[in-house]
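Participant: Quick one: this structure, given as structure tokens, is what I'll be asking you about.
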Amino acid sequence: MSVTHAAPESVPERSEPADGPPLMDHAYDGIREYDNPLPGWWSLIFIVTIVFAVIYGVYFHVGHWAKTPDDKYQAQLADWTEKKTIRDQAEAARVDEAGLARNALDVKLVEHGAKVFAQKCVGCHKEDGRGEIGPNLTDRFQMHGATRMDIYRTIRGGVPSTAMIAWGDQLAADELLDVAAFVITLRGKNVPGKAPQGQAVGDFGP
Amino acid sequence: MSRETVRYDDAIVRKFLTATVVWGAIGMLVGLWCALQLAVPDLNIGPYFTFGRLRPLHTNAVIFAFAGNGMFAAIYYSSQRLLKTRALPTLSAIHFWGWQAIIAAAAITLPLGFTQAKEYAELEWPIDIAIAVVWVTFAVNFFAMLRNRREKHMYVALWFYIATIVTVAVLHIFNNLAIPAGLFKSYSIFAGVQDAFMQWWYGHNAVAFFLTTPFLGLMYYFLPKAAERPVFSYRLSILHFWSLVFIYIWAGPHHLHYTALPQWASTLGMIFSVMLWMPSWGGMINGLLTLRGAWHKVAEEPVLKFFVVAITFYGMSTFEGPMLSVKSVNALSHYTDWNIAHVHGGALGWVGFMVFGMIYWLIPRLYQAPLYSKKLASIHFWVATIGIVLYVVSMWAAGITQGLMWRAFDATGRLQYPDFLDTVTRLIPMYWVRALGGALYITGVLIGAYNIYKTWKARPATYEEPEIEVPPMIREAKAAVKQERVLERQAQPREHIHRRWEGMPMVFTVLTVVAVITASAFEIIPTFLIGDNVPKIASVKPYTPLELYGRDIYIKEGCYNCHSQMVRPFLDETVRYGQGGVPAEYSKPGEFIYDHPFQWGSKRTGPDLAREGGRRDELWHLRHMEEPRGTSPGSVMPAYPHLLEDRIPFDSLQSRVDAMAMLGVPYGKAILEDATVSAKQQAGELSAKLVTQGGPQGMEDRDIIALIAYLQRLGVDIRQAKGGTQ
């Protein structure tokens, strides 16, 4: 294998050939180095980034002229809270006991509700509603209240400290109504599953 | 002057080279396995081969085994020649075998779940000590070469090697400071915000000084060798070396934008990252422009093809990095696969292709036989290049898709994708493309390994080790040199100041250390000293012994690889991780003061868990750990049924609590005297609760209870603080 021999070192450090870039006189294991000037665009961008860094730092942390992430967040939160209030009122205006009773008889709505149930609810209540982590939905017992509206409210608002999250944040208004309609139809199917929990409530009222 | 001779030790280079290829193939195959696990969760084979345990094995193997051994091969080959001296054979052997033993220990302990849970610093304390010892051995060997050099000035490659050796030592030691609580269990001495800061100071500079500077050194030696052209610009090399070394060190906090890290630190991380763009590109320019006048060779020569693509990826990654460090971009990209795309562009493109370019140049020289097949080398190049493109593009798409899905609200203020799972299942097709890209890359590596093997087969019976005629050692010629200098000074203008440093390795090393330490100190000292950075929250209390052990399970299973514990001050996050229609409090620095180590995570393959406590009942957690797809259809999480079987080692709790107490966690007298009483009581209460929820009996001594206790604690303390003030 060829290995170059040491070239004796000499000062001056750089020679300036007429037909090419300046070449450093040293060689390391045969490797030579040109001494080309720094590309102009490189120096320029480097300086611009440094200037940007200084301005950015001063603007945000010396002058405190910009909004902080918390300022921005609080503004967004206020805006969101307003929207949520409007949504809550709109959804509340659409639902009552009689409406839920009607919905539970509408095959199309119940079918749609069953689809939502199959996507979101079967993890805890199982595909036929017999329950596992969550209660059995097919018996005549209810843990939170007794009416159809109580079922809707439980779905929408959830149950604190349980896997029953507030589905009002997850599902659109129609999905909430339809999945409630579907759950209402499960009452009394008595699929063998999780033992009854809550109070015996019988069938729904008129 | 009498003529002296030296023989270079190429046997050590051959050893490191073989290790590079073997460990590289293994590390990348583990990576492919991890990639497939995200598309096919059944490939998680518990308890030892789940994603949470294999991903650290993948990252450690490719960083420390593949890139590490590759870097050592490059350094031993080039430094001996640049300094015209032989490496010390005993130290080289200790370095080689010690390093391989460390890698083997990593390959065994990580699947066993022995981990510090800090990314790329997972290895437990006994292995950390071994790493420090072997690294120092390497350093002594290297500095002995500098001392015994027969070339007065150091070439730019050696500057980069010096920066690597001293900085990696500093990073490794400080980030791994920990209190042992057993042979393979320790707690970081830092907590929360400070631990996060130290970890990403380390993590980012591991990228800088383990995956960048040594490979720039490699480039400066092997590229001009292969191209047979002079390096483009000596003065550019000076400028980009010093600016890179000084600026890189500041950039770590860009991994922690919008977290509980103080804003000023985050800003420093960002602006220094932006300033780092051109220093990085200085290296790229010096690489690519060195090829001026040699481009026709690139078409012929696979070595140069690898180098050109590697340097191009370096340029791309070092533009992408500063871009991702800009806070508003980071708000979208952080915790997503965009980061995965970014690191693999650097790892597969820059590091991988530099290594393979070097290998193809080296093997005919090391094995003293012509390369078996140039054509196969070209095929390796093309297959691997296509592999990288598929990998990076699919992960860009996945990252941006998920980031946009997380933040999407509809007009009524409802999250468009409130179910986290929807944002995961959407990515599965992209995970398949990524796996294909990775498989192609590995195919290339295996083709390369075959090519190397065939070349090795054709080696001569004994390797020729030529004697090289060299000038005397600089230190022995010192007197003569001094004399010469006096004459020089009289006859010639003095050397430029940097040129003089190049002739003084110790001065050069000290200056490098000063650059690195100064920059670090500017960030580290205020982070630790200014109390305002971490305002105390009265309701934040230490974990109970049972929760502490549950946290150790969380650490052991590597949950942090997929789950963050950091709600950023963004509406989509506080709404997503809120409860009962009320947005969560975003994460505050004071919440983490007992978190040794911090568990903020860097990727959300699963949802954030900072506000998990009280979101679900205990039975849900139990069923979810047992079979995630039962409770969460479509989930890609591994199943952990062994947690329902394994018993809580109650007798180990005291040493865990005591180690935390040593770190200043204020436990009461009762717990310090007997931690098991409290743990058994809490476990009993929780398992009774499970039964009332319809769960199984007899869980009071199982690991699952401790893990549930921990998960149910997350975010609870700060909620009490909020309740108290209202």
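Participant: For the range B:224-238, which positions are facing chain A (nearest Cβ under 7 Å), open to solvent by 20 Å² or more (accessible area, probe 1.4 Å) and farther than 15 Å from residue A:28 by Cα?
Facilitator: If the condition is that a residue be facing chain A (nearest Cβ under 7 Å), open to solvent by 20 Å² or more (accessible area, probe 1.4 Å) and farther than 15 Å from residue A:28 by Cα, then B:235 is the only one that fits.
Participant: Looking only at residues in the range A:60-92 that are among the charged types (D, E, K, R), within 8 Å of chain B (Cβ to nearest Cβ) and open to solvent by less than 60 Å² (accessible area, probe 1.4 Å), which one is nearest to residue B:265 (Cα to Cα)?
Facilitator: A:70
Participant: Now for a separate question. Within the set of pairs 6 or more residues apart or between chains, which connect a residue that is outside the structural domain of residue B:420 (by TED's automatic domain parsing) inside the range B:569-586 to a residue that is buried (at least 21 other Cβ atoms within 10 Å of the Cβ) and of a type in the set (Asp, Glu) with Cβ atoms less than 6 Å apart?
Facilitator: B:577/B:608; B:581/A:169
Participant: Can you say whether residue A:127 is surrounded by fewer than 19 Cβ atoms within 10 Å (Cβ to Cβ), within 11 Å of chain B (Cβ to nearest Cβ), within 22 Å of residue B:629 (Cβ to Cβ) and over 22 Å from the mean Cα position of the chain (by Cα), as far as the supplied structure shows?
Facilitator: yes
Participant: Still on this structure, I have one more. Looking at B:223, B:183, B:146, B:211, can you tell me which residue is touching a strand residue (DSSP E or B) at 6+ places or on another chain (Cβ under 9 Å), farther than 17 Å from residue B:519 by Cβ and not small (Gly, Ala, Ser)?
Facilitator: B:223 is the lone residue from the list that is touching a strand residue (DSSP E or B) at 6+ places or on another chain (Cβ under 9 Å), farther than 17 Å from residue B:519 by Cβ and not small (Gly, Ala, Ser).
Participant: Also: So, in the range B:577-619, how many residues would count as being in a helix (DSSP H, G or I), farther than 30 Å from residue B:695 by Cβ and either among the polar types (S, T, N, Q) or within 14 Å of chain A (Cβ to nearest Cβ) (or both)?
Facilitator: 1
Participant: Being among the hydroxyl-bearing types (Ser, Thr, Tyr) and under 20 Å from residue B:257 (Cβ atoms) narrows it down to one residue among B:594, B:554, B:560; which is it?
Facilitator: After ruling out the rest, the residue left standing is B:560.
Participant: Test residue B:185 against the criterion of being among the basic types (Lys, Arg) and more than 14 Å from chain A (Cβ to nearest Cβ), and give yes or no.
Facilitator: yes
Participant: Here is a further query. Any idea which residue in the range A:149-197 is farthest from the other protein chains (Cβ to nearest Cβ), counting only those that are small (Gly, Ala, Ser), in a loop (DSSP other than H, G, I, E, B) and open to solvent by 30 Å² or more (accessible area, probe 1.4 Å)?
Facilitator: Within the range A:149-197, the match that is farthest from the other protein chains (Cβ to nearest Cβ) is A:193.
Participant: Looking only at the range B:630-643, filter to residues that are over 14 Å from residue A:133 (Cα atoms) and within 14 Å of chain A (Cβ to nearest Cβ); which one of those is modelled with the lowest pLDDT?
Facilitator: Here the residue is B:633.
Let's see how each residue does on (1) in contact (Cβ under 8 Å) with a residue 40 or more places away in the chain; (2) within 16 Å of residue A:181 (Cα to Cα):
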residue	(1), (2)
A:76	no, no
A:126	yes, no
A:133	no, no
A:148	yes, yes
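Participant: Let me ask something additional. Counting only residues that are within 31 Å of the chain's Cα centre (by Cα) and within 14 Å of chain A (Cβ to nearest Cβ), how many does the range B:420-462 have?
Facilitator: Going through the range B:420-462 one residue at a time, the tally reaches 5.
Participant: Which one of the conditions (1) within 28 Å of residue A:170 (Cβ to Cβ); (2) open to solvent by 50 Å² or more (accessible area, probe 1.4 Å); (3) of a type in the set (Ser, Thr, Tyr) does residue B:423 fail to meet, given that it meets all the rest?
Facilitator: So residue B:423 meets the others, but not (2).
Participant: What helices (runs of 4 or more DSSP H), lying completely within the range A:46-121, carry at least 3 residues that are not assigned by TED's automatic domain parsing to the domain that holds residue A:175?
Facilitator: Once the helices (runs of 4 or more DSSP H) in the range A:46-121 are filtered for at least 3 residues that are not assigned by TED's automatic domain parsing to the domain that holds residue A:175, what remains is A:69-93.
Participant: Kindly provide the set of residues from the range B:57-98 that are touching a residue at least 24 places away in the same chain (Cβ under 8 Å), surrounded by fewer than 23 Cβ atoms within 10 Å (Cβ to Cβ) and under 30 Å from residue B:557 (Cα atoms), ordered by number.
Facilitator: The answer is B:58, B:59, B:63, B:64, B:98.
Participant: Next question. Can you list the helices (runs of 4 or more DSSP H) found entirely within the range B:1-112 that contain at least 2 residues being farther than 27 Å from residue B:160 by Cα and touching a Gly at 6+ places or on another chain (Cβ under 6 Å)?
Facilitator: Passing ranges, in order: B:11-39, B:51-60.
Participant: Among B:527, B:574, which is of a type in the set (S, T, N, Q), within 14 Å of chain A (Cβ to nearest Cβ) and part of a helix (DSSP H, G or I)?
Facilitator: The match here is B:574.
Here is a yes/no grid of residues against (1) closer than 29 Å to residue B:411 by Cβ; (2) of a type in the set (Phe, Trp, Tyr); (3) touching a strand residue (DSSP E or B) at 6+ places or on another chain (Cβ under 9 Å):
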site: A:117; (1), (2), (3): yes, yes, no
site: A:121; (1), (2), (3): yes, no, no
site: A:127; (1), (2), (3): no, no, no
site: A:131; (1), (2), (3): no, no, no
site: A:142; (1), (2), (3): no, no, yes
site: A:147; (1), (2), (3): no, no, no
site: A:159; (1), (2), (3): yes, no, no
site: A:192; (1), (2), (3): no, no, no
site: A:202; (1), (2), (3): no, no, no
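Participant: Could you go through the range B:203-221 and let me know if any residue there is at the interface with another protein chain (Cβ under 10 Å from one of its Cβ atoms), more than 21 Å from residue B:590 (Cα to Cα), of a type outside the set (S, T, N, Q) and surrounded by 24 or more Cβ atoms within 10 Å (Cβ to Cβ).
Facilitator: Looking for residues that are at the interface with another protein chain (Cβ under 10 Å from one of its Cβ atoms), more than 21 Å from residue B:590 (Cα to Cα), of a type outside the set (S, T, N, Q) and surrounded by 24 or more Cβ atoms within 10 Å (Cβ to Cβ), one finds at least one in the range B:203-221, hence yes.
Participant: Sort through B:441, B:453 and tell me the only one that's out of contact with any Lys or Arg (no Cβ under 7 Å at 6 or more places or on another chain), open to solvent by less than 50 Å² (accessible area, probe 1.4 Å) and at pLDDT 90 or above.
Facilitator: Only one candidate qualifies: B:441.
Participant: For the range B:695-718, which residues satisfy the criterion of being surrounded by fewer than 17 Cβ atoms within 10 Å (Cβ to Cβ) and assigned to a helix (DSSP H, G or I)?
Facilitator: If the condition is that a residue be surrounded by fewer than 17 Cβ atoms within 10 Å (Cβ to Cβ) and assigned to a helix (DSSP H, G or I), then B:716 is the only one that fits.
Residue by residue, here is whether (1) farther than 28 Å from residue B:187 by Cα; (2) under 29 Å from the mean Cα position of the chain (by Cα) holds:
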site	(1), (2)
B:544	no, no
B:549	no, yes
B:559	no, yes
B:581	yes, no
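Participant: Can you run down the residue pairs with Cβ atoms below 8 Å, 6 or more apart or on separate chains, where the first is in the range B:365-394 and open to solvent by 70 Å² or more (accessible area, probe 1.4 Å) and the partner is polar (S, T, N, Q)?
Facilitator: Taking only residues 6 or more apart or on different chains, the pairs are B:370/B:455; B:372/B:451; B:372/B:455.
Participant: Might you check whether a residue that is under 26 Å from the mean Cα position of the chain (by Cα), open to solvent by 10 Å² or more (accessible area, probe 1.4 Å) and either within 25 Å of residue B:194 (Cα to Cα) or not assigned by TED's automatic domain parsing to the domain that holds residue B:373 (or both) occurs anywhere in the range B:239-246?
Facilitator: yes
Participant: Cβ-Cβ under 7 Å, sequence separation 6+ or interchain: first residue in the range B:320-345 and over 23 Å from residue B:569 (Cβ atoms), partner surrounded by fewer than 18 Cβ atoms within 10 Å (Cβ to Cβ). Which pairs?
Facilitator: B:345/B:316
Participant: If I filter the range B:281-298 down to residues being without any contact (Cβ under 8 Å) to a residue 40 or more places away in the chain and open to solvent by less than 30 Å² (accessible area, probe 1.4 Å), which single residue comes out as farthest from the other protein chains (Cβ to nearest Cβ)?
Facilitator: B:298
The values are calculated or read from the model by the stated rules, or taken from the named source; none is laboratory data. Nothing here was measured: the structure is a model prediction, and the numbers come from that model. Positions of Cβ are backbone-derived with ideal geometry, glycine not excepted, and every protein chain shown enters the neighbour counts. Please note that ligands, DNA and RNA were not included when accessible areas were found on the heavy atoms of the full protein model with its side chains. Shrake-Rupley method; radii C 1.70, N 1.55, O 1.52, S 1.80 Å.
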